[in-house]
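A short write-up of the structure that comes next.
The values are calculated or read from the model by the stated rules, or taken from the named source; none is laboratory data. Computed from a predicted model, the values in this text were never measured in an experiment. Here Cβ is always computed from backbone atoms with ideal geometry, including for glycine, and neighbour counts include all displayed protein chains. When the accessible area is computed, the model is the full protein with side chains, heavy atoms only, and any ligands, DNA or RNA have been set aside. Shrake-Rupley method; radii C 1.70, N 1.55, O 1.52, S 1.80 Å.
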Amino acid sequence: LHLSIRRQRQMCIRDSVLHIILRNWADINIIAPLSANTLAKVANGICDNLLTSVVRAWDFKKPIIIAPAMNTLMWENPFTQKHLDTCQEMGFKVVPPVSKKLACGDVGMGAMADPLEIVRAFEQTVLQ
């Protein structure tokens, strides 16, 4: 893909505020799956990529639903609970993970909730 220098500059200007454009556009923010890494970033206000920048710029009058997914030992790590507590204090709705065979091959708690559960959380949030 070849873009003119002028077009590249226009895109860079637009991309520099893309997180604001997306924040304004969205009525709800659903992050599924939410990795341990992104959970830690969000809970600590780190915004080093588009997703975390959208969250950092989010208008908290609008809902955010998160569906964590990670290895069992990561899920059981004390940092994870602290990060979840921080997010819940800010108004995030958490759809908890489930126990099953994980991507790493282990069996245990940490798999993302069934997508239908996330849809239910969305419906409950919208109907409130």
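How much net charge surrounds Asn29 when only other residues with a Cβ under 13 Å from its Cβ are counted (Lys, Arg +1; Asp, Glu -1)? Net local charge, Asn29 excluded: +3.
Rounded to the nearest 5, the antiparallel percentage of DSSP beta bridges internal to the chain is 40%. Once both labels are positioned 7 Å from their Cα atoms along Cα-to-Cβ, the gap between Lys62 and Gln124 label points is 2.2 nm.
In this calculation the C-beta distance from Cys47 to Gln88 is compared with R0 = 22 Å, giving a FRET efficiency of 0.65. Solvent-accessible area of the stretch 19-128 (1.4 angstrom probe, protein heavy atoms only): carbon and sulfur portion equals 58 percent. Each Lys or Arg adds one and each Asp or Glu takes one away; over the other residues whose Cβ falls under 13 Å from the Cβ of Cys47, this sums to +2.
Take the chain with all the other protein chains still there, run a 1.4 Å probe, and you get 65 Å² of accessible area per residue. When peptides 39-47, 63-71 are ranked by their average number of other Cβ atoms within 10 Å per residue, the highest-first order is 63-71, 39-47. Extension gain for the segment Ile21 to Glu76, taken as residue separation times 0.36 nm less the Cα-Cα distance, is 16.2 nm to one decimal. About its Cα centre, the chain has a charge dipole of approximately 600 debye under the convention of +1 per Lys or Arg Cβ and -1 per Asp or Glu Cβ, with nothing else charged. Among the chymotrypsin sites (Phe, Trp or Tyr not before Pro) in the stretch 24-128, those placed in a DSSP loop whose Cβ has at most 13 other Cβ atoms within 10 Å are Phe60.
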